[in-house]
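A.B. asks: To start, I am sharing the structure in question, which I have written as structure tokens.
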Amino acid sequence: MRILAVDPGSKRIGLAISDSTGTIANPLTVINHVARLLDAAAVAELARSNDASLIVVGQSLDDDGLPTFEGRRAGRFAEALKTQTILPVVFWDESFTTQEARSARILMGVSRRNRQGHLDSLAATVLLQSYLDANPQK
């Protein structure tokens, strides 16, 4: 069972995909934000072309477990995505995924100069791996 993870942002949308066993997350691509419905259609097409069975959308939550401003934006994106696919769409807490992705680059020994750039697909990978670890596939 392959799972597609989406880390929606206001400028870019990071995507990651699991292996066929639903165990290991890998970066897939980054989509530049155009419009919610067009972005959702692009994500739905990537899910279809990668044989995903589930789409996990990252949603940031505050200390009380309620969606933040960005989390509410992710909720609206997920609703648009549901109109574009028959696949199940679930939320997963994405708080701190970008910071974890940044830390991972440092731990991998990537030089400061080469760490510049976007972390969107790596953040989606961190999000997906968190989901996979908490929800082992049978």
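The values are calculated or read from the model by the stated rules, or taken from the named source; none is laboratory data. Model, not experiment: these values are computed from the prediction. Heads up, the Cβs are rebuilt from the backbone with ideal geometry, glycines too, and the neighbour counts pull from every protein chain shown.
A.B. asks: Tell me which of these ASP7 doesn't satisfy, since it passes every other one: (1) surrounded by fewer than 15 Cβ atoms within 10 Å (Cβ to Cβ); (2) among the charged types (D, E, K, R); (3) within 18 Å of LEU122 (Cβ to Cβ).
C.D. replies: So the condition that ASP7 fails would be (1).
A.B. asks: Still on this structure: Is it fair to say THR68 is of a type in the set (Ser, Thr, Tyr) and either within 14 Å of the chain's Cα centre (by Cα) or at pLDDT 95 or above (or both)?
C.D. replies: Details: of a type in the set (Ser, Thr, Tyr): yes; either within 14 Å of the chain's Cα centre (by Cα) or at pLDDT 95 or above (or both): no.
No.
A.B. asks: I've got another one for you. Kindly indicate whether any position in the range 109-121 is surrounded by 15 or more Cβ atoms within 10 Å (Cβ to Cβ), modelled with pLDDT under 95 and closer than 12 Å to PRO8 by Cβ.
C.D. replies: Yes, that holds for at least one residue.
A.B. asks: Something else: What number of residues within the range 49-58 are under 11 Å from GLN84 (Cβ atoms) and either surrounded by fewer than 17 Cβ atoms within 10 Å (Cβ to Cβ) or more than 13 Å from the chain's Cα centre (by Cα) (or both)? Steps first, please.
C.D. replies: Keep residues of the range 49-58 that are under 11 Å from GLN84 (Cβ atoms), which gives 55.
If we keep only those that are either surrounded by fewer than 17 Cβ atoms within 10 Å (Cβ to Cβ) or more than 13 Å from the chain's Cα centre (by Cα) (or both) too, we end up with none.
Number satisfying all stated conditions: 0.
A.B. asks: Which of the residues spanning the range 71-92 are within 14 Å of the chain's Cα centre (by Cα) and either within 22 Å of SER20 (Cα to Cα) or polar (S, T, N, Q) (or both)?
C.D. replies: VAL89, VAL90, PHE91, TRP92
A.B. asks: Any idea which of LEU61, LEU46, LEU28, LEU15 is more than 13 Å from the chain's Cα centre (by Cα) and not hydroxyl-bearing (Ser, Thr, Tyr)?
C.D. replies: The conditions single out LEU61.
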